[in-house]
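**Q** Attaching a single structure in structure tokens format; questions to follow.
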Amino acid sequence: MKFQLAINLERLDDSHTMSDVARHTIEMVQMAEAGGFDIVWAAEHHALEMTIAPNPFQILTWWAAETSTIRLGSAVAVAPYWHPIRLAGEAAFLDLISGGRLEFGIGSGAYQREFDRMAPGLLQTDAWRHMQEMLPAVLKLWEGDYAHDGEFWQFPTSTSVPKPVQKPHPRLWVAARSPITYDYAVANDCNIMCWPFTRPHAEAELYRHQLDESIAKYGGTANPIFALMRHTALYEDAAGRDEAIGAVTRVLGQFENLYRNLGDVANGFPKEIPLNELQGREQYQPEMLEENLMFGTPDKVIEKLKIYDELGVDEFIYYASMGLSHEAQKRSMQLFCDEVIPAFR
């Protein structure tokens, strides 16, 4: 099993300055590179302090200058917010200046709140159609001159400037949960990123089953990388556990606000829905969070990862952004690098 890091510039309130957040984020990326992680991922989100990521390629360009070997991925560029020529060029430029380290992840977007601002009138549930039109256009632009006459974009003959360093192109990734997206990924030689949120391990089994069905549907010869992401926190005592559970519960309260599209966001900070309003949902119970997420001592985390290893998860994505203090995030990362990664080498 290989390991990847997903990390956001993250503020749940204004107790941290942006310079503190930026410094912490790059230090975590550098720790991951030194500790044996293969890929680090930057997201795309807009007008939200909990995920400060207006352009993943700008973030990756910054990380490229501060690292030397770790690969740099967009997780994900949100197709409806881009024009194909711009997306192809910005991604290829990152590949150029990083010495061919780009992992190109594309998706359809998460929150209706963002669509209401970035793509007014578009429903998040319909955005997969934009992603499926965007990816072939980007690949054609990376090849050379190409004219496009699609449902969502039209442009005369153009090309990507620059072109990617990697040939024929950087590895492709899609964020997948539904069967239609697994089918698309397999049919278009894309690798898979999945996220079971806070749901039990059976959710990961479902995603693996969907992938296997898609592979069989397309002849049984495809072999995409199957990567799975979980919120991750390593600790050595009950105090560390309580801090991790408290932090992720706060984040989930803000996520719930966004998923419900309640509109209760002040100056970029979503209001947290209190835990007592979420207790009817099993996946928000502290015991279930500890069990389902990648929480625990290094030995417990190794035990959980072996479950995924046996399931056929090729690479695990350590999701570091969950409201933990900067100090606790670094302790967790150091424990993972020192004690967990060596168990899978």
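The values are calculated or read from the model by the stated rules, or taken from the named source; none is laboratory data. Source: prediction; values computed, not measured. Here the Cβ is made from the backbone with ideal geometry for all residues, glycine too, and neighbour counts use every protein chain on show.
**Q** Which condition breaks for HIS148 when tested against (1) more than 24 Å from GLY100 (Cα to Cα); (2) without any contact (Cβ under 8 Å) to a residue 40 or more places away in the chain?
**A** The failed condition is (2).
**Q** While we're looking at this one, here's another question. Is there a residue in the range 124-137 that is surrounded by 21 or more Cβ atoms within 10 Å (Cβ to Cβ), more than 30 Å from PHE255 (Cα to Cα) and not hydroxyl-bearing (Ser, Thr, Tyr)?
**A** Looking for residues that are surrounded by 21 or more Cβ atoms within 10 Å (Cβ to Cβ), more than 30 Å from PHE255 (Cα to Cα) and not hydroxyl-bearing (Ser, Thr, Tyr), one finds at least one in the range 124-137, hence yes.
**Q** Counting just the residues of the range 297-345 that are in contact with a helix residue (DSSP H, G or I) (Cβ under 7 Å, 6 or more places away or on another chain) and small (Gly, Ala, Ser), which one comes out farthest from MET31 (Cα to Cα)?
**A** GLY312
**Q** What about THR61, is it assigned to a helix (DSSP H, G or I), more than 24 Å from PHE269 (Cα to Cα), of a type in the set (Ser, Thr, Tyr) and modelled with pLDDT of 95 or more? Full working, then the answer.
**A** Details: assigned to a helix (DSSP H, G or I): yes; more than 24 Å from PHE269 (Cα to Cα): yes; of a type in the set (Ser, Thr, Tyr): yes; modelled with pLDDT of 95 or more: yes.
So THR61 fits the description; yes.
**Q** Also, quick follow-up: If I filter the range 259-276 down to residues being at pLDDT below 90 and under 21 Å from the mean Cα position of the chain (by Cα), which single residue comes out as farthest from ARG230 (Cα to Cα)?
**A** Checked the range 259-276; the qualifying residue farthest from ARG230 (Cα to Cα) is ASN261.
**Q** Same structure, new question: Residues of the range 300-338 being assigned to a helix (DSSP H, G or I), in contact with an Asp or Glu (Cβ under 8 Å, 6 or more places away or on another chain) and not aliphatic (A, V, I, L, M), which ones?
**A** Once the filter is applied, which keeps residues that are assigned to a helix (DSSP H, G or I), in contact with an Asp or Glu (Cβ under 8 Å, 6 or more places away or on another chain) and not aliphatic (A, V, I, L, M), the range 300-338 yields HIS326, LYS330.
**Q** Where residues in the range 8-58 are assigned to a helix (DSSP H, G or I) and hydroxyl-bearing (Ser, Thr, Tyr), which of them is nearest to VAL251 (Cα to Cα)?
**A** THR25
**Q** While we're on this one: Give, as residue ranges, the strands (runs of 3 or more DSSP E) completely inside the range 146-249 that count at least 3 residues that are in contact with a Pro (Cβ under 6 Å, 6 or more places away or on another chain).
**A** Qualifying strands (runs of 3 or more DSSP E): none found.
**Q** Also, quick follow-up: Any residue in the range 121-137 that is out of contact with any strand residue (DSSP E or B) (no Cβ under 8 Å at 6 or more places or on another chain), aliphatic (A, V, I, L, M), part of a loop (DSSP other than H, G, I, E, B) and more than 21 Å from ALA53 (Cβ to Cβ)?
**A** yes
**Q** Additional query: Suppose the filter is closer than 22 Å to ALA176 by Cα, basic (Lys, Arg) and out of contact with any Gly (no Cβ under 8 Å at 6 or more places or on another chain); does ARG117 pass it?
**A** When the stated conditions are applied, ARG117 does not pass them.
**Q** State whether the residues of the range 268-280 include one that is over 19 Å from TYR111 (Cα atoms), surrounded by 14 or more Cβ atoms within 10 Å (Cβ to Cβ) and touching an Asp or Glu at 6+ places or on another chain (Cβ under 6 Å).
**A** No, because not a single residue in the range 268-280 is over 19 Å from TYR111 (Cα atoms), surrounded by 14 or more Cβ atoms within 10 Å (Cβ to Cβ) and touching an Asp or Glu at 6+ places or on another chain (Cβ under 6 Å).
**Q** Does SER325 satisfy the criteria of being surrounded by 16 or more Cβ atoms within 10 Å (Cβ to Cβ) and either closer than 16 Å to TRP195 by Cβ or not charged (D, E, K, R) (or both)?
**A** Answer is no for this residue.
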